[in-house]
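For reference, the structure discussed in these notes is given below.
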Amino acid sequence: MQFFKTPSIKFLKYKYVALAVTGLIVLAGVLNVTVFKGLKLGVDFGEGTLLRIMLKAPSDEGAIRDLLASVGLGKSLVQRTGVSGREFQIRAMETVNTKGSEEDQLEAHEALADKIIAALRGDDGKAELARGLVDLNTVDERTLSSLLEKSFPGSGPEAAQRVIAHRNAAGIIADFGELSGIGLKPEVTAFLQNNTFLGKLTVLSRETVGPQVGADLRRKAVQATVWSLIGMLIYIALRFKLEYGVAAIFTLAQDVLITTSIYSFTNREINLPIIAGILTIVGFSTNDTIVIFDRVRENQKIMRGKALEEVMNVSINQTLGRTLITSGTVFLTVGALYFFGGEVINDFAFLMLVGTIEGVYSTIYLSCPVVLFWQKLFKPKKVRRR
Amino acid sequence: MKKNLQWKVILALVVIGGAIILAYPFNDTKIKRGLDLKGGIHLVLQVITDDSINMETDQEIARLEELFKKNGITFQKAIKDGLGRISVQGVLADEEGKTRDLFGQYFRDWDESFTGDRATLALKPLVIQLLRDQAVVQAKETIQNRIDQFGVAEPLIQRQGSDKIVVELPGVDNPDRVKELIKVTAVLEWKLVKAGPAPDEATLLQATNGQLPEDAEILKGDPKRGQGGFYLVNKVAVVTGKDLRTVRRTQDEWNNPAVSFTLNTDGGARFEQVTGDNIGKQIAIILDKKVQSAPGIESKIMRTQGGIIRGRFTVAEADDLIVVLKAGALPAGIKYLEERTIGPALGADSVRQGLVAGLVAILAVMLFMVFFYRLSGLNAVVALILNVVILFGALAYFKATLTLPGIAGIILAIGMSVDANVLIFERIKEESALGKGVASSISLGFSRAFSAIFDSNLTTIISAIFLFQFGTGPIRGYAVTLTISLVANLFTAVFISHLLFDLTVKKTAKRLSI
């Protein structure tokens, strides 16, 4: 089966149009990043606290925002995640006093997180706690184990482990009825009903990065990226020619610019996994570029005397089937991640979807033209021999 | 079968068999999951190494005063004068030589200088460096001890850079308790009480006309232990945490959790003497400059007798105090730079969803390959599965950790693995379109596609190696899985796939299912 016989589309005829389009997108990207929205740095890069919580009963973003606004934390970003309507991601956005020391800031972020959790809880559980009951949705395994051990000597640890395992699988225990199906003795369940209560929420995760580590992570991410680009440049320059290396770098610079700017339009945050995503896009795009360059290298031997532009056009056409098939499968993979991968991986998958499409374009319309322009600029015109 | 082919089959079987043995049975002990997939606590903390230099300076000042007195050198006072600097004031001009001799003999780690009646000692930069380094090493050991005592499975405690320590505790579900356990300096001291408790400092100093006696200091009670108010205590401790021999959880006379202790010979003797001399007075038990309790001394406490520390502890608090006392005090204060708690529920969710997505993705790709390339596509599917098998074998072998970004690396590698097969198959099609026979199309397809596959894989491997070298946590995880899968890719997509063609397609075949 074949999509088409080797096509002969004159891709490079439109190279100036393509360059103009590229230029415009990049310009829009630069403007977007510098003037308008800017890139939203996530918690990994020293920007506050990220909380993920799960509620016992479904709620919506507005209700949570109202709760937070009532304690003066209305600026927090609230996002519903998952399909149950019970999971939320909250990013504390209140400005924290930056005059204080490093530790003050970290602690201020942490205090903010505590405040958010307290606000969401409200009065829930206060009466029960006052009566000496334990919140089964926040208690740790050790404490629960020693609590159960007192009343059921010898079976405390095992029962506690069952309860906690159930809580971990479900995220939160919404009802004591759930506990009947996990192999607890009826008297243990009864004991839990009398001595514990089910708090309104559990904290799924909580991440705070201080400014120092944030700056450090930022620096290292940039450093790692730059060095890996230099490594690629050198290898491609050695295996092909310098201009091909330069073109590859141009191409992936464009990849990074365009994907991050589209990404920034969507209000998503940049965290370390996103950096990995950008690098993945760069990897695919470089892969595409090299496949075409490889074909150009080969065709130059076969099509002696032909202009480079023509050789490139033929090579792009010859590899077009492969480019589309490969990008298609990648798109398939990433699509699966986007739809099934869950919240944590969703931003990453979105970035990849954008990047896969963009990568095909940049390979065809940036890498080859750059080689051509570079040669025009730096290679002296050969005098034709008679 | 050709001999050449036999060896290839054996090599393929050995590699795949090896990978399966390494990764079997695919559980947690073999493939370590990162905190983002498993849940747990990730902490980055900084050791305040200045503390250890200040401590060294304080000790040296005490030693200096003693030596000056012993050698009959006149001086007014010796004070700390900045970080790692001691200034001795009021040294007589005709005793400068004697002072220099003394410094030369006893203070070799210090640079000395004289201006007027003042002698200044500055800790040598190299020694400062050494002290800082020791503080970090000791802090790391102490934290390791505390975590071990507390009991966490597979903790990871690593030094990072000059003064940072990374602590990763998988599966821990009580972050606040652990954070406190690590952070507490845990300097335990017993000091005689001169006055107190009093509601404020002024009341405390009424007896001495508002003057703080030179040999005393004012400490606050620990509100957590129900101790409000202030205490005036001796500067010099009777015994400290270093003199402890055993500590154990016990109950006080009201059945509240408490900590009992016994002292070593040396400390026991001092304790016996001081308690004997001070019956009726109070002795304060001080943890990190906060008074935990200040019981009255009712009788002489014999050296082997020991005692108990009480202060309205919960069981957990008493246990944690025992942990830190057993593990020893931190040589310097620490502060947190980064705190991440990933609940086990979120980790489990990520794994479940990641698994579903991964399976859907792989299945979709496989279906596509079989649909598009028919039997040859099946060939690619086998190569893809083997790639993942080898990856897991290698992850188990290198004891690498699988993280979310690591999964991103695998996706890129799977994409490139499929790409390698697509490149080859498209090339085979091209060659046969030019009228070449099946066997030669296959062999040309592989050899002509190889340079593109090799170059693109190697370029990406090179970039991954740099990422590993310069990157941090998550980015490293990405680089590791990517590198491994790409190396495996060169083996499966090229070598194994070719081998499969050789084994399944007859030399004389007229048509190829592609």
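From (1) touching a Pro at 6+ places or on another chain (Cβ under 8 Å); (2) within 18 Å of B:Ala318 (Cβ to Cβ); (3) modelled with pLDDT of 85 or more; (4) buried (at least 19 other Cβ atoms within 10 Å of the Cβ), pick out the condition that doesn't hold for B:Ala258.
(1)
If a residue has to be modelled with pLDDT under 85 and open to solvent by 50 Å² or more (accessible area, probe 1.4 Å) to count, how many in the stretch A:152-164 make the cut?
Counting residues in the stretch A:152-164 that are modelled with pLDDT under 85 and open to solvent by 50 Å² or more (accessible area, probe 1.4 Å) gives 1.
The conditions are (1) touching a residue at least 40 places away in the same chain (Cβ under 8 Å); (2) open to solvent by less than 40 Å² (accessible area, probe 1.4 Å); (3) more than 11 Å from chain B (Cβ to nearest Cβ); (4) farther than 27 Å from A:Thr208 by Cα, and A:Thr323 fails exactly one of them. Which is it?
(3)
Condition (residue is at pLDDT below 85, at the interface with another protein chain (Cβ under 8 Å from one of its Cβ atoms) and open to solvent by less than 50 Å² (accessible area, probe 1.4 Å)) applied to the stretch A:287-307: is it met by at least one residue?
yes
Tell me, please, whether a residue that is among the charged types (D, E, K, R) and either touching a strand residue (DSSP E or B) at 6+ places or on another chain (Cβ under 8 Å) or in contact (Cβ under 8 Å) with a residue 60 or more places away in the chain (or both) can be found in the stretch A:131-144.
Yes, because at least one residue in the stretch A:131-144 is among the charged types (D, E, K, R) and either touching a strand residue (DSSP E or B) at 6+ places or on another chain (Cβ under 8 Å) or in contact (Cβ under 8 Å) with a residue 60 or more places away in the chain (or both).
Considering (1) at the interface with chain B (Cβ under 8 Å from one of its Cβ atoms); (2) small (Gly, Ala, Ser); (3) farther than 24 Å from B:Gly471 by Cβ, say which one A:Gly283 fails and leave the rest.
Failing condition for A:Gly283: (3).
Find the strands (runs of 3 or more DSSP E) located wholly in the stretch B:133-200 whose residues include 2 or more that are under 15 Å from the mean Cα position of the chain (by Cα), touching a residue at least 60 places away in the same chain (Cβ under 8 Å) and more than 23 Å from B:Leu321 (Cβ to Cβ), and list them.
Those strands (runs of 3 or more DSSP E) span B:164-170.
When you go through B:Lys220, B:Lys224, B:Lys235 one by one, which is the residue that is out of contact with any Leu (no Cβ under 7 Å at 6 or more places or on another chain) and under 21 Å from B:Asn278 (Cα atoms)?
B:Lys235
If you scan the stretch B:16-43, which residues turn out to be assigned to a loop (DSSP other than H, G, I, E, B) and either aliphatic (A, V, I, L, M) or surrounded by fewer than 17 Cβ atoms within 10 Å (Cβ to Cβ) (or both)?
If the condition is that a residue be assigned to a loop (DSSP other than H, G, I, E, B) and either aliphatic (A, V, I, L, M) or surrounded by fewer than 17 Cβ atoms within 10 Å (Cβ to Cβ) (or both), then B:Tyr24, B:Pro25, B:Phe26, B:Asn27, B:Asp28, B:Thr29, B:Lys30, B:Ile31 are the ones that fit.
Say we look at the stretch A:179-213 and pick out the residues that are open to solvent by 50 Å² or more (accessible area, probe 1.4 Å) and within 14 Å of chain B (Cβ to nearest Cβ); which of these is modelled with the lowest pLDDT?
Among residues in the stretch A:179-213 that are open to solvent by 50 Å² or more (accessible area, probe 1.4 Å) and within 14 Å of chain B (Cβ to nearest Cβ), the one modelled with the lowest pLDDT is A:Gln212.
Mind checking whether some residue in the stretch B:392-401 is in contact (Cβ under 8 Å) with a residue 60 or more places away in the chain, open to solvent by 10 Å² or more (accessible area, probe 1.4 Å), in a helix (DSSP H, G or I) and among the aliphatic types (A, V, I, L, M)?
yes
Being open to solvent by less than 10 Å² (accessible area, probe 1.4 Å) and either within 12 Å of chain A (Cβ to nearest Cβ) or without any contact (Cβ under 8 Å) to a residue 40 or more places away in the chain (or both) narrows it down to one residue among B:Gly409, B:Gly437; which is it?
Of B:Gly409, B:Gly437, the one residue that is open to solvent by less than 10 Å² (accessible area, probe 1.4 Å) and either within 12 Å of chain A (Cβ to nearest Cβ) or without any contact (Cβ under 8 Å) to a residue 40 or more places away in the chain (or both) is B:Gly409.
Within the stretch B:464-506, count every residue that is hydroxyl-bearing (Ser, Thr, Tyr), in a helix (DSSP H, G or I), surrounded by fewer than 24 Cβ atoms within 10 Å (Cβ to Cβ) and at pLDDT below 90.
Within the stretch B:464-506, residues that are hydroxyl-bearing (Ser, Thr, Tyr), in a helix (DSSP H, G or I), surrounded by fewer than 24 Cβ atoms within 10 Å (Cβ to Cβ) and at pLDDT below 90 number 1.
Of the numbered conditions (1) within 14 Å of another protein chain (Cβ to nearest Cβ); (2) touching a residue at least 24 places away in the same chain (Cβ under 8 Å); (3) farther than 20 Å from A:Ile278 by Cβ, B:Asp502 satisfies every one except a single condition; which is it?
(1)
Within the stretch B:228-251, restricting attention to residues that are touching a helix residue (DSSP H, G or I) at 6+ places or on another chain (Cβ under 8 Å) and within 12 Å of B:Ile322 (Cβ to Cβ), which residue is most open to solvent (accessible area, probe 1.4 Å)?
Selected residue: B:Arg248.
Among the residues in the stretch B:415-431, are any within 9 Å of chain A (Cβ to nearest Cβ), of a type in the set (Gly, Ala, Ser) and either open to solvent by less than 10 Å² (accessible area, probe 1.4 Å) or closer than 30 Å to A:Ala221 by Cβ (or both)?
Yes, the stretch B:415-431 contains a residue that is within 9 Å of chain A (Cβ to nearest Cβ), of a type in the set (Gly, Ala, Ser) and either open to solvent by less than 10 Å² (accessible area, probe 1.4 Å) or closer than 30 Å to A:Ala221 by Cβ (or both).
Based on this model, can you work out whether B:Asp266 counts as of a type in the set (Asp, Glu) and either buried (at least 17 other Cβ atoms within 10 Å of the Cβ) or over 18 Å from B:Gly241 (Cα atoms) (or both)?
Criteria not met by B:Asp266.
Looking at this structure, is A:Thr266 touching a residue at least 40 places away in the same chain (Cβ under 8 Å), open to solvent by 20 Å² or more (accessible area, probe 1.4 Å) and more than 10 Å from chain B (Cβ to nearest Cβ)?
Answer is yes for this residue.
Residue by residue, here is whether (1) part of a loop (DSSP other than H, G, I, E, B); (2) open to solvent by less than 50 Å² (accessible area, probe 1.4 Å); (3) more than 22 Å from A:Glu207 (Cβ to Cβ) holds:
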residue	(1), (2), (3)
A:Leu27	no, no, yes
A:Leu31	no, no, yes
A:Gly62	no, yes, yes
A:Arg65	no, no, no
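The values are calculated or read from the model by the stated rules, or taken from the named source; none is laboratory data. Predicted model only: the values in this text are computed from it and were never measured. Neighbour counts are summed over all protein chains in view; Cβ atoms, including those assigned to glycine, are modelled from backbone coordinates with ideal geometry. The protein model used for the area step is the full one, side chains on, heavy atoms only, and it has no ligands, DNA or RNA in it. Shrake-Rupley method; radii C 1.70, N 1.55, O 1.52, S 1.80 Å.
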